[in-house]
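Structure record follows, encoded as structure tokens.
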Amino acid sequence: MKNILEVRDLQVSYGAIQAIKGIDLHIREGEMVALIGANGAGKTTTLKTLAGLLSPVAGQITFDGKAHAAIKSYDLIRQGLALVPEGRGIFPKLTVYENLEMGAFSRTDGKDAIQADIERMFGIFPRLKERAFQLAGTMSGGEQQMLAISRALMGRPKLLLLDEPSMGLAPIIVQKIFETIVEVVKGGVTLLLVEQNARLALQTCQRAYVIDGGRIALEGQASDLLHNEQVQKAYLGE
Ligand SMILES: Nc1ncnc2c1ncn2[C@@H]1O[C@H](COP(=O)(O)OP(=O)(O)OP(=O)(O)O)[C@@H](O)[C@H]1O
Ligand SMILES: [Mg+2]
């Protein structure tokens, strides 16, 4: 399979603070790849840069065969790259239905196709259908996360970037959301998953990168990393 994403020597700074100090990574089409690491390691910074919200100070990103730098940030969604940010980023004063419509803003394939996809999201998350006309901000954390993922999927992404989807949610809801994510990927989306819950991320994804202090410290098959002593000690609490 070809690479949907290639990152070379990526460096990102906040003023004088260099958060990302030269990382390389790649993701093949259809893969599920995890990016794990401690607080402040640089996970969110990496995802925001990939989503065009931050500009790198050095390095190259190639997305779907195109130089990322040549794609305007507002155009990345149209080109197939969607971020579900930390904290979800839904519109709290809009209804569930309106949030889903907003997720399709970049599409040009017409109302019927968009309507069909809203129904598809309601099929994936029946809870959202029950709450279609509820204001998104009044829903539970788990429901909001379901909406955030569905809204991103409404843009028909090729690559979905998820930042901490398990944050603040009860284990049973996390399990349901992760099962759904796996289904969605099987339906033809590629996934880069950032998770503090390293065990869950490694159990869900095929490959993983461990980021530490803005550098890739380890990478490999998720099953190998689950059995890696260093990973177990630092990230799996063993
Ligand atoms: N807006 C900002 N201005 C200055 N420094 C920042 C800013 N955002 C993040 N940083 C710094 O960059 C580094 C990486 O932060 P980042 O948010 O990418 O970490 P993270 O791996 O996502 O952590 P967490 O697991 O806590 O979400 C940290 O040292 C952080 O303090
Ligand atoms: Mg983060």
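The values are calculated or read from the model by the stated rules, or taken from the named source; none is laboratory data. Predicted model only: the values in this text are computed from it and were never measured. Because the Cβ atoms are built from the backbone with ideal geometry, glycine has one as well, and the counts that use them run over all protein chains shown. What goes into the accessible areas is simple: the full protein's heavy atoms, side chains included, and nothing from ligands, DNA or RNA. Shrake-Rupley method; radii C 1.70, N 1.55, O 1.52, S 1.80 Å.
Worth pointing out:
- Test: residue in segment 2-23 that is in contact with a His (Cβ under 8 Å, 6 or more places away or on another chain) and either open to solvent by 10 Å² or more (accessible area, probe 1.4 Å) or in a loop (DSSP other than H, G, I, E, B) (or both): yes
Yes or no, residue by residue, for (1) buried (at least 22 other Cβ atoms within 10 Å of the Cβ); (2) in the same structural domain as residue 213 (by TED's automatic domain parsing); (3) not in a loop (DSSP other than H, G, I, E, B); (4) not aromatic (Phe, Trp, Tyr):
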| site | (1), (2), (3), (4) |
| --- | --- |
| 35 | yes, yes, yes, yes |
| 39 | no, yes, no, yes |
| 48 | no, yes, yes, yes |
| 56 | no, yes, no, yes |
| 59 | no, yes, yes, yes |
| 69 | no, yes, yes, yes |
| 75 | no, yes, yes, yes |
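- Pick from segment 177-204, criterion more than 17 Å from residue 222 (Cβ to Cβ) and in contact with a helix residue (DSSP H, G or I) (Cβ under 8 Å, 6 or more places away or on another chain), ranking: most open to solvent (accessible area, probe 1.4 Å): 183
- Residues in segment 196-216 that are assigned to a strand (DSSP E or B), farther than 14 Å from residue 40 by Cα and of a type outside the set (Phe, Trp, Tyr): 207, 208.
- Any hit, segment 227-237, residues being within 16 Å of ligand 2 (Cβ to nearest atom) and either open to solvent by 70 Å² or more (accessible area, probe 1.4 Å) or outside the structural domain of residue 18 (by TED's automatic domain parsing) (or both): no
- One residue stands out among those in segment 138-176 that are basic (Lys, Arg) and either at pLDDT 95 or above or under 15 Å from residue 204 (Cα atoms) (or both): the one that is surrounded by the most Cβ atoms within 10 Å (Cβ to Cβ), which is 151.
- Test: residue in segment 125-135 that is among the polar types (S, T, N, Q), at pLDDT below 95, surrounded by fewer than 20 Cβ atoms within 10 Å (Cβ to Cβ) and touching a strand residue (DSSP E or B) at 6+ places or on another chain (Cβ under 9 Å): no
- Residues of segment 161-195 that are over 14 Å from residue 44 (Cα atoms) and part of a strand (DSSP E or B): 190, 191.
- Candidates in segment 75-88 are the residues that are under 30 Å from residue 142 (Cβ atoms) and out of contact with any strand residue (DSSP E or B) (no Cβ under 8 Å at 6 or more places or on another chain); of these, the one that is nearest to ligand 2 (Cβ to nearest atom) is 87.
- Segment 31-54, residues that are within 9 Å of ligand 1 (Cβ to nearest atom) and not aliphatic (A, V, I, L, M): 37, 39, 40, 42, 43, 44, 45, 46, 48
- The condition (being closer than 29 Å to residue 17 by Cα and free of Cβ contacts under 8 Å to residues at least 12 places away in the same chain) is satisfied by just one residue among 58, 113, 67: 67.
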